[in-house]
Amino acid sequence: MSTTWIIIALILGFLVIFQIAKASEYVAILRGEERSRKDTNRINAFLLMAFLVVGLFGVWYCNEKLKGKILGEPASDHGERIDTMIWITLAVTGVVFVITQVLLFWFAYKYQESDTRKAYYYPHNNKLEMIWTAIPAIVLTVLVGFGLFYWFKITGEAPKDAQVIEVTGKQFNWEFRYPGKDKVLGKKYFKEVSEAKSNPLGQLWDDPANHDDVYTTGEMHVVVNKPVKLVIYAKDVIHDVGLAHFRMKMDAVPGIPTTMWFTPKFTTREMREKYGPDFNYEISCDQMCGAGHYSMRGTIVVESQGEFNAWLASKKPQYAVANPSTVPALPGATDTTKTKVDSAATAAVSMKR
Amino acid sequence: MDQHTNHNVHTDVHVVHEHHVDHDGNGHHHHKESFISKYIFSQDHKMIARQFLITGIIWAIVGGLFSVLFRLQLAYPDESFPILETFFGRWAQGGQIQPEFYYALVTMHGTVLVFFVLTGGLSGTFANLLIPLQAGARDMASPFMNMLSYWFFFLASVVMFSSLFVQTGPASGGWTAYPPLSALGQASSGSKIGMDLWITSMALFVVSSLLGGLNYIVTILNMRTKGMTMTRLPLTIWAVFFTAILGVLSFPVLLSGFILLLFDRNLGTSFYLSDIVVNGQILPNEGGSAILYQHLFWFLGHPEVYIIILPAMGLVSEVMSVNSRKPVFGYMAMVGSLFAITILAFLVWAHHMFVTGMNPFLGAFFVLLTLLIAIPSAIKVFNWITTIWRGNIRFTPAMLFAIGFVSMFISGGLTGIWLGNSTIDIHLHDTYFVVAHFHIVMGVSAFFGMFAGVYHWFPKMFGRYLNNTLGYIHFWITLAGAYLIFWPMHYQGMAGVPRRYLDFRLWTSFNQFSDLNKMITIVSIVVFFTQLMFVFNFFYSIFKGRKVRTMNPWGATTLEWTTPINPGHGNWPGEIPEVHRWAYDYGKDGRDFIPQTEPLNPNETKH
């Protein structure tokens, strides 16, 4: 019902505006077109000036209202670099923004049509053109310089001691794999993927490096103040590991693994103390991936090394989950004969199924 | 020579026999024209321009309406609008926009506005209208190809529109249509038949764009009237010239990308597909690269934004100069910067791909080249500001939109310096910051340029004026509304809020903007209705607007205002006028303006 009323009100409002607009045309003709044109010219010139003043105030007001709602302190070392770069760029572009907008609207107001002034014939001035080619060129060189300096730091090789975690995006959640004691992620092949066989990542069980790898979904655990390197895969379509608090982002592309690394600075507990008990480091999918894109949420728990170790130890390796009957003892040994036995057993299990 | 050639072309055009061009100067050239040859399969560039414009307007209403619908969802994710279910059935079950519907709306909004409105509607209208009129030709080099260009556009429109009605819905993988999402029907219902229709429509669109573009280039290079050297051309013509070159060189690459996608979808090839397990189903494809598509797409996709903005720049330069009663400042620098933008446009595409896993070393070059584009853009802004400096400005609606264009272009251009820097892009990529940036710099700006053009050349197109009061209301609400909608989105982007999310209630990091989202939605509804008011003004004024009574209502120097108020096919009843000077002699030697057709006076000051 209310919709109908809104539509009726809109149509009525529109008709009123239209009638006024039509009438103003007749009035203009009656009063003399030249005179009414000059009146509207003055009104519009004034409005342009008013728009400048109100607009600049609006920019300030918008900042007051929203600055508390954007992210706080960056929670990673790379995040600090990115924020520094943002501040440098904001300073440069902010100054240019204010100067050019003020000149534009002020000139429009100041040089509005007037009978007493003649337009100044000023077709070109090569010196001016040189100046305003050179200055932006210099400023941009500085910005490129800073930008690339940070860019190479952020995208450079991860430190050797980084904790490696594999992240896989699929419609519409996240899967994680941690290397066990051997610190090596075992091989995998997408044609081995099978939920029925408890092998969601397609791990190759005849690779012994796989035997201690831990698989989880939804929540990723990382260690505070220790570099973490994510090796990123996608199963079906392109996803993107978006870590807003760490200021990091990297696409997950089917068939092409990607990587990113960073060092978390604060544990989840510390952040909850600062930002309230609801705080969570969230993983957002930042690349359109289908109907559930908006709900493709994961979380990250940043904790101490001790907590992390205890958590990891509480998880059963996926090998043991997939092959319950064959693994009485924890694998991870480099004994090749044992591996062969294991893979033979796996084959037997899979044939039985 | 030019006149002679033009004359021939003109007679060629009308295969209608016993047709004679009368040179006695009274009346238009006539031959019996049927309704069909005049209004439908017309070969007159002015009629084709109107066809492009009106088709563009219809698409703009559709695309704008889509944005209102998805803005409703963003502002009121938990409310139910029964009226939506009435109109859209299961797509809005329970009065709530379903995710598939939301993504279809977003995808179609982008596709329609980028390609059908701001490429077809903008270039198609003003390149067609202005090239022959301002360069001094009777029509395009090939009026028949020009007609085909419109009809391919129309066909593309029909196919795209029909895709809205298929059962599985239209394409819904975003306007960029990245595979594998767009390649696999199992991954999204929009990637079923809707996607094939989308690709077909886009292929037809590319054909239309190439037919048009080649024609524009040839006409500008070969069919200028006597005395019209390249450096005497108005900046509008330079702008559409570079636009056409961009389109001709980059659209074929897009087409090739789409064709490979079509093969992957229907013929079992693996250009873009590898290592895929979708919905538990293991696909056989191996060895393809999903990133290859992105390179092919953005090799057009980035020039595309310049294809959109360059014509707007040209229109604005012209409108600003005319209404400041002053020459455009730094004509050669303006042409030079258009040229620089055209060249650089081909060398920056991978800045859309900084976080795809592309080699960071390669990324560094794209940072450098991308930020270089800021230099010609800055030159243009400074030149526009200097053009109005010490002018004698008339604020027609066209002039206001031109000023609004510069303001928007500054605001959106500066955030380009943020995003072009890969370090910052890591954080802001695919957030609302990007949405704010490109809507301001190419969406709103290009629309402002287009409005400036429509208000300024409406008298030439239809022999009547648009209603001024409605024009002023249109401008002020649109300017204020555009800033209110898009400015705060920068803050959402800084908070990391991702694009293409229809509901933030699940999230703790992104759910703090619900009041802001309501405000933005309400403003966008108001702005949408204001645009409808413009559309009403447009159609009403075609039939009932105040009549144009003088040949040159704005006191402009350029050739289109030397034609009759309602020029017939062939534009000038007599000889095509000869040109003796550049297009910007305003306020020279104490005279308000000197038309391009007036011979140089030996006592004139040189510039």
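The values are calculated or read from the model by the stated rules, or taken from the named source; none is laboratory data. Worth saying up front: this structure is predicted, and the values here are computed from it rather than measured. Cβ coordinates were reconstructed from backbone atoms using ideal geometry, including for glycine residues, and neighbour counts include every protein chain displayed.
When the stretch B:382-413 is examined, which residues are found to be over 17 Å from residue A:107 (Cβ atoms) and surrounded by fewer than 24 Cβ atoms within 10 Å (Cβ to Cβ)?
Answer for the stretch B:382-413, where residues must be over 17 Å from residue A:107 (Cβ atoms) and surrounded by fewer than 24 Cβ atoms within 10 Å (Cβ to Cβ): just B:412.
Could you check how many residues of the stretch B:59-87 are in a helix (DSSP H, G or I) and of a type in the set (Ser, Thr, Tyr)?
The total comes to 2.
Report yes if some residue within the stretch B:539-552 is among the hydrophobic types (A, V, I, L, M, F, W, C) and buried (at least 19 other Cβ atoms within 10 Å of the Cβ); otherwise report no.
No, the stretch B:539-552 has no match at all.
Scan the stretch B:195-212 and give yes if some residue there is part of a loop (DSSP other than H, G, I, E, B), of a type in the set (D, E, K, R) and at negative phi, otherwise no.
no
What's the total number of residues in the stretch B:357-371 that are over 18 Å from residue A:256 (Cα atoms) and more than 7 Å from chain A (Cβ to nearest Cβ)?
Residues meeting the conditions: 4.
Can you confirm whether residue B:491 is in contact with a Lys or Arg (Cβ under 8 Å, 6 or more places away or on another chain), closer than 29 Å to residue A:152 by Cα and among the aromatic types (Phe, Trp, Tyr)?
yes
Is there a residue in the stretch A:69-78 that is within 9 Å of chain B (Cβ to nearest Cβ), outside any helix (DSSP H, G or I), free of Cβ contacts under 8 Å to residues at least 24 places away in the same chain and not small (Gly, Ala, Ser)?
Yes, there is a match, as at least one residue in the stretch A:69-78 is within 9 Å of chain B (Cβ to nearest Cβ), outside any helix (DSSP H, G or I), free of Cβ contacts under 8 Å to residues at least 24 places away in the same chain and not small (Gly, Ala, Ser).
With the structure loaded, tell me whether residue A:75 is over 32 Å from the mean Cα position of the chain (by Cα) and of a type in the set (Gly, Ala, Ser) or whether it fails that test.
No; evaluated as a whole, the condition is false for this residue.
Restricting attention to the stretch B:176-194, report how many residues are among the β-branched types (Val, Ile, Thr) and farther than 22 Å from residue B:158 by Cβ.
1
I need the full set of residues from the stretch B:276-298 which are assigned to a helix (DSSP H, G or I) and on the phi > 0 side of the Ramachandran plot, in order please.
Residues satisfying the conditions do not exist here.
Quick check: anything in the stretch B:532-549 of a type in the set (Val, Ile, Thr) and over 27 Å from the mean Cα position of the chain (by Cα)?
yes
Considering only the stretch A:247-270, state which residues are within 20 Å of residue B:273 (Cα to Cα), more than 7 Å from chain B (Cβ to nearest Cβ) and among the hydrophobic types (A, V, I, L, M, F, W, C).
Across the stretch A:247-270, the qualifying residue is only A:252.
State whether the residues of the stretch B:267-278 include one that is surrounded by fewer than 21 Cβ atoms within 10 Å (Cβ to Cβ), within 14 Å of chain A (Cβ to nearest Cβ) and either under 23 Å from the mean Cα position of the chain (by Cα) or closer than 29 Å to residue B:210 by Cβ (or both).
Within the stretch B:267-278, one or more residues are surrounded by fewer than 21 Cβ atoms within 10 Å (Cβ to Cβ), within 14 Å of chain A (Cβ to nearest Cβ) and either under 23 Å from the mean Cα position of the chain (by Cα) or closer than 29 Å to residue B:210 by Cβ (or both).
Any residue at all in the stretch B:294-306 that is at pLDDT 95 or above, closer than 27 Å to residue A:292 by Cα and polar (S, T, N, Q)?
yes
Filter the stretch B:246-275 for residues that are assigned to a helix (DSSP H, G or I), more than 15 Å from residue B:217 (Cβ to Cβ) and not β-branched (Val, Ile, Thr) and give the result.
B:254, B:255, B:256, B:257, B:258, B:260, B:261, B:262, B:263, B:264, B:265, B:266
Conditions: (1) surrounded by 15 or more Cβ atoms within 10 Å (Cβ to Cβ); (2) more than 8 Å from chain A (Cβ to nearest Cβ); (3) in contact with a Pro (Cβ under 8 Å, 6 or more places away or on another chain). Residue B:534 meets all but one. Number of the miss?
Condition (3) is where residue B:534 drops out.
What's the total number of residues in the stretch A:125-149 that are facing chain B (nearest Cβ under 8 Å), of a type in the set (Val, Ile, Thr) and over 22 Å from residue B:330 (Cα atoms)?
Number of matching residues: 1.
Please go through the stretch B:68-107 and give me each residue that is away from every other protein chain (no Cβ under 14 Å) and crowded, with 21+ Cβ neighbours inside 10 Å, ordered by number.
B:71
Could you grab the pairs with beta carbons closer than 8 Å, sequence gap of 6+ or different chains, first residue in the stretch B:327-351 and away from every other protein chain (no Cβ under 12 Å), second one part of a loop (DSSP other than H, G, I, E, B) and small (Gly, Ala, Ser)?
B:348/B:420
Only residues that are in a loop (DSSP other than H, G, I, E, B), more than 8 Å from chain B (Cβ to nearest Cβ) and basic (Lys, Arg): list them for the stretch A:213-237, please.
A:226 - this is the single residue of the stretch A:213-237 that is in a loop (DSSP other than H, G, I, E, B), more than 8 Å from chain B (Cβ to nearest Cβ) and basic (Lys, Arg).
One line per residue, one yes/no per condition, for (1) in contact with a Cys (Cβ under 6 Å, 6 or more places away or on another chain); (2) within 7 Å of chain A (Cβ to nearest Cβ); (3) without any contact (Cβ under 8 Å) to a residue 60 or more places away in the chain:
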| position | (1), (2), (3) |
| --- | --- |
| B:384 | no, no, no |
| B:406 | no, yes, no |
| B:421 | no, yes, yes |
| B:431 | no, no, no |
| B:467 | no, yes, no |
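If I ask for residues that are of a type in the set (Phe, Trp, Tyr) and without any contact (Cβ under 8 Å) to a residue 12 or more places away in the chain, which ones from the stretch A:275-319 would you list?
Within the stretch A:275-319, A:279, A:294 qualify.
Restricting the search to the stretch B:225-245, which residues are part of a loop (DSSP other than H, G, I, E, B) and crowded, with 19+ Cβ neighbours inside 10 Å?
Answer for the stretch B:225-245, where residues must be part of a loop (DSSP other than H, G, I, E, B) and crowded, with 19+ Cβ neighbours inside 10 Å: B:225, B:228, B:233, B:234.
Given the conditions (1) part of a helix (DSSP H, G or I); (2) surrounded by fewer than 24 Cβ atoms within 10 Å (Cβ to Cβ), which single one is not true for residue B:310?
(2) is the only condition that residue B:310 fails.
I'd like the full set of residues that are at the interface with another protein chain (Cβ under 7 Å from one of its Cβ atoms), surrounded by fewer than 24 Cβ atoms within 10 Å (Cβ to Cβ) and in a loop (DSSP other than H, G, I, E, B), limited to the stretch A:271-291.
Within the stretch A:271-291, A:278, A:279, A:280, A:291 qualify.
Taking the conditions exactly as written (in contact with a Ser or Thr (Cβ under 8 Å, 6 or more places away or on another chain) and either buried (at least 24 other Cβ atoms within 10 Å of the Cβ) or more than 10 Å from chain A (Cβ to nearest Cβ) (or both)), does residue B:437 satisfy them or not?
Spelling it out, residue B:437 is indeed in contact with a Ser or Thr (Cβ under 8 Å, 6 or more places away or on another chain) and either buried (at least 24 other Cβ atoms within 10 Å of the Cβ) or more than 10 Å from chain A (Cβ to nearest Cβ) (or both).
Looking only at the stretch A:238-256, decide whether some residue is under 15 Å from residue A:163 (Cα atoms), touching a Pro at 6+ places or on another chain (Cβ under 6 Å) and in a loop (DSSP other than H, G, I, E, B).
no
From the set of residues in the stretch B:148-163 that are among the hydrophobic types (A, V, I, L, M, F, W, C) and touching a Ser or Thr at 6+ places or on another chain (Cβ under 7 Å), which is surrounded by the fewest Cβ atoms within 10 Å (Cβ to Cβ)?
This residue is B:154.
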